[in-house]
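Engineer: Just passing along the structure, written as structure tokens.
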Amino acid sequence: MSHEEVFHSLFKSGYTLAERYIDSTNNYKAFEEWFKVLNPFHLEQLLEMIEDCNREDDPVYRMIEDTLLKQLDLLGKWLKGDASSFIGFWKSKGVIDLLELVEDDIFFSVLKALAKENHNVEARSIIEYYTNDDEIHIREYAKQLLDNVKPECY
């Protein structure tokens, strides 16, 4: 447990430093380097394994969950600050996979942000992907976003 606590503490310190760095420099290029190492998908897999063992009350679970939420927060800052490099790094498949990790309010705000990237083919393909979603409210929202974007820009 002590190792997990040390790793979590180090990540929290790194998260704080990353926020300060971005706030002071507006240099979003660093995110590409950071997310070559950070892996929200691996954290999600760890959480699912712990859940399968009915151990959600375990302190390790809470630390991993906190780390995942902080990574997702950093990803949100990246998307907001430099959507083009965010999309370029994650590509459509990566963004779609990331969207599976977030709550509905964040999901819809990300789709809206992607729709503003009307020059980006990857952004359009992500929104088009959701026009075939199983959930009707997601399908309709994606279709509405596409209807409001000028197709000649793609």
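Bear in mind these aren't lab numbers, they're just calculated from the coordinates by the rules spelled out. What you are looking at is a predicted structure, and each value in this text was computed from that prediction instead of being measured. No Cβ is skipped: glycine too gets one built from the backbone with ideal geometry, and neighbour counts run over all protein chains shown.
Engineer: May I ask you to sort I127, I106 by Cβ crowding, counting other Cβ atoms within 10 Å and putting the fewest first?
Structural biologist: In order of increasing Cβ crowding within 10 Å: I106, I127.
Engineer: In addition: Place a +1 charge on the Cβ of each Lys and Arg in segment 83-154 and a -1 charge on the Cβ of each Asp and Glu, then give the dipole magnitude about the Cα centre in debye, rounded to the nearest 20.
Structural biologist: 380
Engineer: Between rounded, prolate and oblate, where does the chain land on the alpha carbon gyration tensor, with a ≥ b ≥ c its root eigenvalues, rounded for a/c under 1.5, else prolate if a/b exceeds b/c?
Structural biologist: It comes out oblate by the Cα gyration axes.
Engineer: Here's another thing I want to ask about it. Suppose we look only past 15 Å in the calculated P(r) of segment 83-154. What percent of the Cα-Cα pairs does that tail hold?
Structural biologist: 47
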